[in-house]
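**Student:** Just dropping this structure here.
Please treat every number below as a calculation from the coordinates, not as lab data. These numbers were taken from a predicted model, which means no experiment stands behind them. Ideal geometry is used to build each Cβ from the backbone, glycine not excepted, and the neighbour counts take in all protein chains shown.
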Amino acid sequence: MEIRIEKQARGIRMLTGREAKTRRDIINRLILFAEKSGFQEIVLPCVEPSDIYKEKAGSEILGQMYVFLDRKGRSLCLRPEGTATCQLLAQGPLQQEKDIKLWYETRCWRYERPQAGRYREFTQFGIEVLNPTRDFREELIILAKQMISEFTTNYEIAESIKRGLSYYTESGFEITCPKLGAQKQVLGGGRYAEGIGFAIGVDRLMLTQIDIGL
């Protein structure tokens, strides 16, 4: 069940029982798909310098970030998404490596209006190919379809759509599940200067599996 405590921050949830089990089952099945396709895990930090997102994120995300100063006055943030961090790896420590295939399962935070499938703390499952030597776009779209098909057959894919993040270099792709209503996007991705990837909204994918108030 989803547990709500009176003093709990708005848009932040605790899950137990069926919901927690469903969440873990979804993540485990996504991991299996990723690793069968040659992707390796990367564990991302929850707290990062806020400057990472000033040039890479669009204005919408910049306005939703949780930003704070540490004790030495440095501007930090709770990570709003995963791809920007992976781009830094491609530009720095992994610059000389090619076709780096990574997956991550990570919590993110954005100050949004909470509603079904849209929370201020949420989980992304990400797939990234860094410093590619060939075009991975069609391969990743096929993988994205396979992953979502594991949980629902009622979905629609748009293979050429404008994405809201400024680091994308061309039209991206999205998968939506119409039965979820207004918050129907369950996957989004595209190509950026250092690679290509997509992220799945685990919380929305959960709503295709269990009835929690839609």
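**Student:** For region 141-172, name all the residues that are buried (at least 16 other Cβ atoms within 10 Å of the Cβ) and not polar (S, T, N, Q).
**Tutor:** Once the filter is applied, which keeps residues that are buried (at least 16 other Cβ atoms within 10 Å of the Cβ) and not polar (S, T, N, Q), region 141-172 yields ILE141, LEU143, ALA144, MET147, ILE148, PHE151, TYR155, ARG163, LEU165, TYR167, TYR168, GLY172.
**Student:** Moving on. Could you tell me which of the residues THR123, THR133 is of a type in the set (Ser, Thr, Tyr) and outside any loop (DSSP other than H, G, I, E, B)?
**Tutor:** Result: THR123 is the single residue among THR123, THR133 that is of a type in the set (Ser, Thr, Tyr) and outside any loop (DSSP other than H, G, I, E, B).
**Student:** Is there any pair with a first residue in region 126-140 that is crowded, with 18+ Cβ neighbours inside 10 Å and a second that is in a helix (DSSP H, G or I) and basic (Lys, Arg) whose Cβ atoms are under 7 Å apart and which are 6 or more apart or on different chains, and what are they?
**Tutor:** Cβ pairs passing all conditions: none.
**Student:** So, GLN209, is that one surrounded by 13 or more Cβ atoms within 10 Å (Cβ to Cβ) and farther than 21 Å from THR83 by Cα or not?
**Tutor:** yes
**Student:** Moving on to the next point. Assuming SER50 fulfils every condition listed in (1) of a type in the set (S, T, N, Q); (2) more than 30 Å from LYS145 (Cβ to Cβ); (3) without any contact (Cβ under 8 Å) to a residue 12 or more places away in the chain apart from one, which condition is it?
**Tutor:** It fails just one condition, (3).
**Student:** Something else about it: Need the failing condition index for LEU32 against (1) surrounded by 13 or more Cβ atoms within 10 Å (Cβ to Cβ); (2) under 18 Å from the mean Cα position of the chain (by Cα), just the number.
**Tutor:** Every condition holds for LEU32 apart from (1).
**Student:** How many residues, within region 124-163, are touching a strand residue (DSSP E or B) at 6+ places or on another chain (Cβ under 9 Å), under 28 Å from ARG79 (Cα atoms) and of a type in the set (S, T, N, Q)?
**Tutor:** Number of matching residues: 3.
**Student:** Could you go through region 50-66 and let me know if any residue there is over 16 Å from GLY197 (Cβ atoms), touching a Cys at 6+ places or on another chain (Cβ under 6 Å), among the polar types (S, T, N, Q) and surrounded by 11 or more Cβ atoms within 10 Å (Cβ to Cβ).
**Tutor:** Yes, some residue in region 50-66 is over 16 Å from GLY197 (Cβ atoms), touching a Cys at 6+ places or on another chain (Cβ under 6 Å), among the polar types (S, T, N, Q) and surrounded by 11 or more Cβ atoms within 10 Å (Cβ to Cβ).
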